[in-house]
1. Just wondering, is there one or more residues in region 147-159 that are hydroxyl-bearing (Ser, Thr, Tyr), crowded, with 22+ Cβ neighbours inside 10 Å and more than 25 Å from residue 27 (Cβ to Cβ)?
2. For region 205-231, give me each residue that is under 18 Å from residue 192 (Cα atoms), modelled with pLDDT of 90 or more and not in a strand (DSSP E or B).
3. Inspect region 43-53 for any residue being hydroxyl-bearing (Ser, Thr, Tyr), under 25 Å from residue 17 (Cα atoms) and not in a helix (DSSP H, G or I) and give the result as yes or no.
4. If you scan region 186-213, which residues turn out to be closer than 25 Å to residue 163 by Cβ, surrounded by 13 or more Cβ atoms within 10 Å (Cβ to Cβ), without any contact (Cβ under 8 Å) to a residue 24 or more places away in the chain and acidic (Asp, Glu)?
5. State whether one or more residues within region 27-44 are at pLDDT 90 or above and buried (at least 21 other Cβ atoms within 10 Å of the Cβ).
6. Quick one: count up the residues across region 141-176 that are assigned to a strand (DSSP E or B) and more than 14 Å from residue 188 (Cα to Cα).
7. Quick check, is residue 85 in a strand (DSSP E or B) and under 23 Å from residue 239 (Cα atoms)?
8. Considering 133, 122, which residue is within 14 Å of residue 235 (Cα to Cα), assigned to a strand (DSSP E or B) and at pLDDT below 95?
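The values are calculated or read from the model by the stated rules, or taken from the named source; none is laboratory data. None of the values given here were measured: they were computed from a predicted structure. Glycine also receives a Cβ, built like all others from the backbone with ideal geometry; neighbour counts cover every protein chain displayed.
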Amino acid sequence: MAASTAVVSNDAAFSSFCREIISDPEWEVVAPYFETRSIRGRPTTWPIRMLYTAVVYAVTEGIRWRMLPPGFPPWETVYGWFRRRIVDGAFVEANAALVRHDRIMSGRAAEPTRAALDAQSVRSSPTAGSRGVDGGKKVKGQKRSIAVDGGGRLLFATLCPANVHDGVAALSLLRRLQGVWPDLRQVLADSAYRGVRVAEAATPMKVEVTQKPDGARGFVVIAGRWVVERTFAWLCNCRRLVRCYERRDDVAVAFMFIASIRLLSRRIARRKTQADG
């Protein structure tokens, strides 16, 4: 495997291809969160950048692990590294750190105090893990629940069958959200998140239900909440997230964090380049 690594590193064309996926400035942003971690308790003989780039490529292009292009590490190695990073929470930690970094670069406090919450029902393949039918949206698949800050940065995400009510789906997200973002005090949501159970799960945060003005018809942009829909659109720029094919729910959730990390690292790298220039 060490010999294969040398071949990859000396292949100028493949190196250029990898830099199109993850540029040097982007890797400088995310490297501290992955380079110190190991696979199976020992450092891997493949460059961590190569493993991370292969994962990002699979998520953005929507391919199977077995269809990784020649030049990348064996798909078993890539998937093994990816699964280890799910278990040790690397993607959640990296996303949270980059959210703080991007907020500071935007002139905001590192820790958000207000979040917006919503859910999205996504069609899934017959082989996907948890599945259900969302009767309201006529979607058979899974439901993604996400919380974002005022700029649409992903704070946390969870997944459940599509037939689960939005309010019930939010319970797990709200409890885990506080562990990552302890300074949150307010969560904006729609009427689906009313109820005692949601309020208790959010404590000490306060859930504020905002609705369309009386008499309004059709789509109405609601201040503070519309950013969630934009974040869903950002996530679905990655083809592996347009539809859910994953047998494991933790893998599907990790893909959402990877999409967010990719978005944030590109934004931070661009701002650093502009500042240096």
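1. Residues of region 147-159 hydroxyl-bearing (Ser, Thr, Tyr): 158.
Narrowing further to those that are crowded, with 22+ Cβ neighbours inside 10 Å: 158.
If we keep only those that are more than 25 Å from residue 27 (Cβ to Cβ) as well, we get 158.
Yes, region 147-159 contains at least one residue that is hydroxyl-bearing (Ser, Thr, Tyr), crowded, with 22+ Cβ neighbours inside 10 Å and more than 25 Å from residue 27 (Cβ to Cβ).
2. 205, 227, 228, 229
3. Taking region 43-53 first, the residues hydroxyl-bearing (Ser, Thr, Tyr) are 44-45, 52-53.
Still in the list and also under 25 Å from residue 17 (Cα atoms): 44-45, 52-53.
The next check asks that each one be not in a helix (DSSP H, G or I); those that pass are 44-45.
Yes.
4. If the condition is that a residue be closer than 25 Å to residue 163 by Cβ, surrounded by 13 or more Cβ atoms within 10 Å (Cβ to Cβ), without any contact (Cβ under 8 Å) to a residue 24 or more places away in the chain and acidic (Asp, Glu), then no residue fits.
5. Within region 27-44 (the criterion being at pLDDT 90 or above and buried (at least 21 other Cβ atoms within 10 Å of the Cβ)), the answer is yes, since at least one residue qualifies.
6. Just the residues of region 141-176 that are assigned to a strand (DSSP E or B), to begin with: 141-148, 154-161.
Among the residues that remain, those that are also more than 14 Å from residue 188 (Cα to Cα) are: 141-144, 154, 156-161.
Residues that pass the stated criteria total 11.
7. So residue 85 fails the test.
8. Numbers: 133 fails: within 14 Å of residue 235 (Cα to Cα).
Checking each option against the conditions leaves just 122.
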